[in-house]
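Inspection log for the structure reproduced underneath, given as structure tokens.
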Amino acid sequence: MSIWWMINSVLITVIVLYGLYELYVRIMMKRSAKIITQEEFQAGMRKAQVIDVRERDEFNAKHILSARSFPYTMLKETYSSLRKDQPIYIYDQNKSISARAANLLRKKGYTDLYILKGGMQEWTGKIKQKKID
């Protein structure tokens, strides 16, 4: 076997695994929450619980105005403070962590879950940003 064959095999394996992971995230998202546009998110956020599932330092640096910080790494311990009778609007930097958060919440009995399409990365609405000295 040549080294090029081995390198190509590894690259193909990585690409296939990445594709399978992306497929898994899409399926998990579809099962757990509805993906909504920025316009839909902004229209309904006053009547919803808006949660940012990024880590606390990312949230503190910049977040959607009126959002609450629920880092995904802490969500298993903090989810019970979310109400089941109100919609939950979830976002992260793009949407992969949001999908996992929505899946976790769905398994805990939450049903009215929405994920911001494009996440914070594409958000153009009002934000709260930490001032740089």
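The values are calculated or read from the model by the stated rules, or taken from the named source; none is laboratory data. Being a predicted model, the structure only gives us computed values, none of them experimental. Cβ: placed from backbone, ideal geometry, glycine included. Neighbour counts: every protein chain shown. In case anyone asks, the SASA skips ligands and DNA or RNA and just uses the protein heavy atoms, side chains included. Shrake-Rupley method; radii C 1.70, N 1.55, O 1.52, S 1.80 Å.
What the table shows:
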quantity	calculated
Single residue of segment 35-59 satisfying the filter (under 14 Å from the mean Cα position of the chain (by Cα) and in a loop (DSSP other than H, G, I, E, B)) that is surrounded by the most Cβ atoms within 10 Å (Cβ to Cβ)	Val53
Qualifying residue in segment 19-26 (condition: at pLDDT 95 or above and either buried (at least 16 other Cβ atoms within 10 Å of the Cβ) or touching a His at 6+ places or on another chain (Cβ under 6 Å) (or both))	no
Pair list, Cβ under 7 Å, 6 or more apart: segment 110-133 residue touching a residue at least 40 places away in the same chain (Cβ under 8 Å) and closer than 20 Å to Pro87 by Cα, other residue small (Gly, Ala, Ser) and in a helix (DSSP H, G or I)	Leu113/Ser32; Leu113/Ala102; Ile115/Ser98; Ile115/Ala99; Ile115/Ala102
Criterion (open to solvent by less than 20 Å² (accessible area, probe 1.4 Å) and either under 12 Å from Val50 (Cα atoms) or assigned to a helix (DSSP H, G or I) (or both)) met by exactly one of Ser98, Ser80	Ser98
Criterion violated by Ser66 - all others in (1) closer than 22 Å to Val25 by Cβ; (2) free of Cβ contacts under 8 Å to residues at least 24 places away in the same chain; (3) not in a helix (DSSP H, G or I) satisfied	(1)
From Lys130, Lys107, Lys126, residue being of a type outside the set (Phe, Trp, Tyr) and either in contact with a helix residue (DSSP H, G or I) (Cβ under 8 Å, 6 or more places away or on another chain) or open to solvent by less than 70 Å² (accessible area, probe 1.4 Å) (or both)	Lys130
Sole exception among (1) over 17 Å from the mean Cα position of the chain (by Cα); (2) open to solvent by less than 60 Å² (accessible area, probe 1.4 Å); (3) of a type in the set (A, V, I, L, M, F, W, C) for Ile15, by number	(2)
Only listed residue being more than 24 Å from Ile90 (Cα to Cα), of a type in the set (Gly, Ala, Ser), open to solvent by 50 Å² or more (accessible area, probe 1.4 Å) and out of contact with any strand residue (DSSP E or B) (no Cβ under 9 Å at 6 or more places or on another chain), chosen from Ser2, Ser9	Ser2
Qualifying residue in segment 85-92 (condition: on the phi > 0 side of the Ramachandran plot and assigned to a loop (DSSP other than H, G, I, E, B))	no
